[in-house]
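What follows is a short report on a single structure.
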Amino acid sequence: TDDITVSTSWTIDIYNAEDLLNVKNTLNGYYILANDIDLGGIEWTPIADFTGVFDGNGFVISDFKITIGQEYIGLFSSNRGEIKNLGIENFEINVTYSDGVVAGGLIGRNLGKAFNCYANGNVFGQSIYSTYHTAIVGGLVGDNQGQIEKCYTLGEVNSSFCAGGISGHNNGAIISSYSKCNIVSNSHFSYYSYAGGLVGDNNGT
(Lines give C-alpha, C1' and ligand atoms only; values in the text may rest on other atoms or scores of the structure.)
Protein backbone atom coordinates (compact mmCIF):
# COMPACT_ATOMS: atom_id res chain seq x y z
CA THR A 1 0.00 0.00 0.00
CA ASP A 2 3.01 2.35 -0.33
CA ASP A 3 1.41 4.10 -3.30
CA ILE A 4 -1.77 4.93 -1.39
CA THR A 5 -2.34 8.43 -0.05
CA VAL A 6 -4.68 8.47 2.94
CA SER A 7 -6.35 11.70 3.98
CA THR A 8 -5.31 11.85 7.65
CA SER A 9 -5.63 15.59 8.27
CA TRP A 10 -8.98 14.85 9.87
CA THR A 11 -11.02 11.81 10.83
CA ILE A 12 -14.63 11.22 9.84
CA ASP A 13 -16.96 9.68 12.43
CA ILE A 14 -19.61 7.22 11.27
CA TYR A 15 -22.82 7.13 13.33
CA ASN A 16 -25.46 5.62 11.02
CA ALA A 17 -26.22 3.97 7.69
CA GLU A 18 -26.19 7.28 5.83
CA ASP A 19 -22.68 8.04 7.10
CA LEU A 20 -21.57 4.57 6.03
CA LEU A 21 -22.94 5.09 2.55
CA ASN A 22 -21.01 8.36 2.31
CA VAL A 23 -17.72 6.46 2.58
CA LYS A 24 -18.18 5.85 -1.16
CA ASN A 25 -17.75 9.59 -1.79
CA THR A 26 -14.25 9.83 -0.24
CA LEU A 27 -12.50 6.51 -0.67
CA ASN A 28 -9.16 7.63 0.79
CA GLY A 29 -10.58 9.06 4.03
CA TYR A 30 -9.82 8.09 7.62
CA TYR A 31 -13.06 6.76 9.11
CA ILE A 32 -13.91 5.82 12.70
CA LEU A 33 -17.08 3.94 13.62
CA ALA A 34 -18.75 5.69 16.58
CA ASN A 35 -21.30 3.00 17.49
CA ASP A 36 -22.90 -0.24 16.28
CA ILE A 37 -24.88 0.11 13.05
CA ASP A 38 -27.85 -2.13 12.21
CA LEU A 39 -28.55 -1.80 8.48
CA GLY A 40 -32.04 -3.25 8.84
CA GLY A 41 -31.71 -5.97 6.20
CA ILE A 42 -31.06 -3.60 3.30
CA GLU A 43 -29.57 -4.65 -0.03
CA TRP A 44 -26.04 -3.34 0.32
CA THR A 45 -24.02 -2.02 -2.60
CA PRO A 46 -20.35 -2.77 -1.85
CA ILE A 47 -17.82 0.02 -1.26
CA ALA A 48 -15.41 -0.26 -4.20
CA ASP A 49 -11.71 0.60 -4.47
CA PHE A 50 -11.25 1.68 -0.85
CA THR A 51 -7.79 3.17 -0.23
CA GLY A 52 -8.20 4.83 3.17
CA VAL A 53 -8.41 3.66 6.78
CA PHE A 54 -11.64 2.30 8.25
CA ASP A 55 -11.39 1.85 12.03
CA GLY A 56 -14.36 -0.04 13.43
CA ASN A 57 -13.31 1.02 16.92
CA GLY A 58 -14.58 -2.30 18.31
CA PHE A 59 -18.12 -1.80 17.00
CA VAL A 60 -20.28 -3.97 14.72
CA ILE A 61 -22.06 -3.47 11.39
CA SER A 62 -24.95 -5.93 11.07
CA ASP A 63 -28.03 -7.08 9.17
CA PHE A 64 -27.35 -6.55 5.47
CA LYS A 65 -27.61 -8.66 2.35
CA ILE A 66 -26.00 -8.68 -1.09
CA THR A 67 -27.70 -10.47 -3.97
CA ILE A 68 -26.79 -8.27 -6.95
CA GLY A 69 -24.16 -9.99 -9.09
CA GLN A 70 -20.82 -8.39 -9.84
CA GLU A 71 -17.22 -9.61 -9.90
CA TYR A 72 -16.08 -8.51 -6.43
CA ILE A 73 -18.48 -8.77 -3.50
CA GLY A 74 -18.36 -7.88 0.20
CA LEU A 75 -19.10 -5.00 2.53
CA PHE A 76 -16.06 -3.62 0.68
CA SER A 77 -15.77 -5.06 -2.82
CA SER A 78 -12.05 -4.19 -2.97
CA ASN A 79 -9.56 -2.77 -0.49
CA ARG A 80 -6.09 -1.29 -0.90
CA GLY A 81 -6.14 0.55 2.42
CA GLU A 82 -6.61 -0.71 5.98
CA ILE A 83 -9.76 -2.03 7.64
CA LYS A 84 -9.37 -2.72 11.35
CA ASN A 85 -11.13 -3.34 14.67
CA LEU A 86 -14.44 -4.15 12.94
CA GLY A 87 -17.05 -6.87 13.34
CA ILE A 88 -19.79 -7.71 10.83
CA GLU A 89 -22.71 -9.92 11.84
CA ASN A 90 -26.03 -11.32 10.63
CA PHE A 91 -25.34 -10.79 6.95
CA GLU A 92 -26.29 -12.85 3.91
CA ILE A 93 -24.32 -12.76 0.67
CA ASN A 94 -25.85 -14.89 -2.07
CA VAL A 95 -24.52 -14.06 -5.52
CA THR A 96 -24.58 -15.83 -8.87
CA TYR A 97 -22.62 -14.13 -11.64
CA SER A 98 -21.82 -15.23 -15.18
CA ASP A 99 -18.26 -13.85 -15.38
CA GLY A 100 -17.07 -15.36 -12.11
CA VAL A 101 -17.43 -13.98 -8.60
CA VAL A 102 -14.95 -13.22 -5.81
CA ALA A 103 -16.87 -12.84 -2.54
CA GLY A 104 -16.00 -12.32 1.11
CA GLY A 105 -18.10 -11.15 4.01
CA LEU A 106 -15.89 -8.13 4.69
CA ILE A 107 -13.82 -7.74 1.51
CA GLY A 108 -14.10 -9.23 -1.97
CA ARG A 109 -10.51 -8.60 -3.11
CA ASN A 110 -7.95 -7.47 -0.54
CA LEU A 111 -4.70 -5.83 -1.63
CA GLY A 112 -4.33 -3.91 1.62
CA LYS A 113 -4.73 -4.96 5.23
CA ALA A 114 -7.50 -6.38 7.41
CA PHE A 115 -6.56 -6.26 11.10
CA ASN A 116 -8.49 -7.41 14.19
CA CYS A 117 -11.75 -8.00 12.32
CA TYR A 118 -14.35 -10.76 12.37
CA ALA A 119 -17.28 -11.90 10.26
CA ASN A 120 -20.27 -13.94 11.41
CA GLY A 121 -22.64 -14.61 8.53
CA ASN A 122 -23.21 -16.60 5.35
CA VAL A 123 -21.39 -16.15 2.05
CA PHE A 124 -22.56 -18.03 -1.05
CA GLY A 125 -21.13 -17.48 -4.53
CA GLN A 126 -21.34 -19.36 -7.77
CA SER A 127 -20.54 -18.93 -11.44
CA ILE A 128 -23.11 -20.23 -13.88
CA TYR A 129 -21.05 -20.84 -17.03
CA SER A 130 -17.94 -22.73 -18.08
CA THR A 131 -14.91 -23.85 -16.09
CA TYR A 132 -13.11 -20.68 -17.21
CA HIS A 133 -15.38 -18.71 -14.90
CA THR A 134 -14.76 -19.31 -11.22
CA ALA A 135 -16.31 -18.58 -7.84
CA ILE A 136 -13.80 -17.77 -5.09
CA VAL A 137 -15.47 -17.35 -1.72
CA GLY A 138 -14.22 -16.73 1.83
CA GLY A 139 -15.85 -15.97 5.13
CA LEU A 140 -13.84 -12.76 5.55
CA VAL A 141 -12.08 -12.18 2.21
CA GLY A 142 -12.66 -13.69 -1.22
CA ASP A 143 -9.19 -13.20 -2.71
CA ASN A 144 -6.36 -12.07 -0.41
CA GLN A 145 -3.34 -10.47 -2.06
CA GLY A 146 -2.48 -8.40 1.00
CA GLN A 147 -2.45 -9.11 4.74
CA ILE A 148 -5.02 -10.51 7.15
CA GLU A 149 -4.03 -10.42 10.81
CA LYS A 150 -5.81 -11.30 14.08
CA CYS A 151 -9.12 -12.03 12.35
CA TYR A 152 -11.71 -14.80 12.68
CA THR A 153 -14.90 -16.02 11.06
CA LEU A 154 -18.10 -17.88 11.93
CA GLY A 155 -21.07 -18.89 9.78
CA GLU A 156 -21.09 -20.70 6.44
CA VAL A 157 -19.12 -20.43 3.20
CA ASN A 158 -20.52 -22.05 0.06
CA SER A 159 -18.92 -21.92 -3.39
CA SER A 160 -19.20 -23.67 -6.73
CA PHE A 161 -15.40 -23.65 -7.06
CA CYS A 162 -13.20 -22.46 -4.19
CA ALA A 163 -14.18 -21.95 -0.53
CA GLY A 164 -12.20 -21.06 2.60
CA GLY A 165 -13.14 -20.04 6.11
CA ILE A 166 -10.93 -16.93 6.18
CA SER A 167 -10.15 -16.53 2.47
CA GLY A 168 -11.15 -18.40 -0.67
CA HIS A 169 -7.75 -17.80 -2.26
CA ASN A 170 -4.63 -16.52 -0.52
CA ASN A 171 -1.64 -15.09 -2.33
CA GLY A 172 -0.67 -12.81 0.55
CA ALA A 173 -0.24 -13.39 4.28
CA ILE A 174 -2.65 -14.63 6.96
CA ILE A 175 -1.37 -14.16 10.51
CA SER A 176 -2.79 -15.22 13.91
CA SER A 177 -6.27 -15.88 12.51
CA TYR A 178 -8.83 -18.69 12.71
CA SER A 179 -12.18 -19.86 11.38
CA LYS A 180 -15.10 -21.91 12.67
CA CYS A 181 -17.12 -21.68 9.45
CA ASN A 182 -18.94 -24.57 7.82
CA ILE A 183 -17.43 -24.99 4.35
CA VAL A 184 -19.07 -26.30 1.17
CA SER A 185 -17.35 -26.39 -2.23
CA ASN A 186 -19.19 -28.22 -4.98
CA SER A 187 -18.44 -27.75 -8.66
CA HIS A 188 -21.42 -27.70 -11.01
CA PHE A 189 -19.23 -28.86 -13.88
CA SER A 190 -16.97 -31.79 -14.78
CA TYR A 191 -14.24 -30.00 -12.92
CA TYR A 192 -12.53 -29.82 -9.55
CA SER A 193 -13.14 -27.62 -6.54
CA TYR A 194 -11.09 -26.44 -3.57
CA ALA A 195 -12.13 -26.28 0.07
CA GLY A 196 -10.29 -25.51 3.30
CA GLY A 197 -11.23 -24.66 6.84
CA LEU A 198 -8.94 -21.64 6.71
CA VAL A 199 -8.11 -21.18 3.00
CA GLY A 200 -9.50 -22.84 -0.10
CA ASP A 201 -6.45 -22.40 -2.32
CA ASN A 202 -3.16 -21.13 -0.89
CA ASN A 203 -0.18 -19.71 -2.77
CA GLY A 204 0.89 -17.37 0.02
CA THR A 205 1.76 -17.55 3.71
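The values are calculated or read from the model by the stated rules, or taken from the named source; none is laboratory data. This structure is a prediction, so every number in the text was calculated from the model and none was measured. For neighbour counting, all protein chains shown are included, and Cβ atoms are generated from backbone atoms with ideal geometry for every residue, glycine included. For the accessible areas, the whole protein counts, side chains as well, though only heavy atoms, and no ligand, DNA or RNA atoms are used. Shrake-Rupley method; radii C 1.70, N 1.55, O 1.52, S 1.80 Å.
Tabulated values for the structure
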| read-out | value |
| --- | --- |
| Matching residues in the stretch 69-83 - criterion: being open to solvent by less than 40 Å² (accessible area, probe 1.4 Å) and free of Cβ contacts under 8 Å to residues at least 40 places away in the same chain | Gly69, Leu75, Phe76, Ser77, Ser78, Ile83 |
| Any hit, the stretch 46-59, residues being without any contact (Cβ under 8 Å) to a residue 24 or more places away in the chain and either hydroxyl-bearing (Ser, Thr, Tyr) or farther than 26 Å from Ala195 by Cα (or both) | no |
| Any hit, the stretch 179-195, residues being free of Cβ contacts under 8 Å to residues at least 60 places away in the same chain, surrounded by 24 or more Cβ atoms within 10 Å (Cβ to Cβ), assigned to a strand (DSSP E or B) and under 16 Å from the mean Cα position of the chain (by Cα) | yes |
| Scope the stretch 46-68; condition out of contact with any helix residue (DSSP H, G or I) (no Cβ under 8 Å at 6 or more places or on another chain) and open to solvent by 30 Å² or more (accessible area, probe 1.4 Å); matching residues | Asp49, Asn57, Gly58, Phe59, Asp63, Lys65, Thr67, Ile68 |
| Qualifying residue in the stretch 152-159 (condition: of a type in the set (Ser, Thr, Tyr) and touching a Leu at 6+ places or on another chain (Cβ under 6 Å)) | yes |
| In the stretch 159-178, residue most open to solvent (accessible area, probe 1.4 Å) [restricted to those that are at pLDDT 95 or above and hydroxyl-bearing (Ser, Thr, Tyr)] | Tyr178 |
| Residue pairs meeting the criteria (Cβ under 9 Å; at least 6 apart or on separate chains; first of a type in the set (Phe, Trp, Tyr) and modelled with pLDDT of 95 or more, in the stretch 128-155; second part of a loop (DSSP other than H, G, I, E, B) and open to solvent by 50 Å² or more (accessible area, probe 1.4 Å)) | Tyr152/Lys180 |
| Candidate set from the stretch 86-108 (those that are under 17 Å from Asp143 (Cα atoms) and among the hydrophobic types (A, V, I, L, M, F, W, C)); member that is most open to solvent (accessible area, probe 1.4 Å) | Val102 |
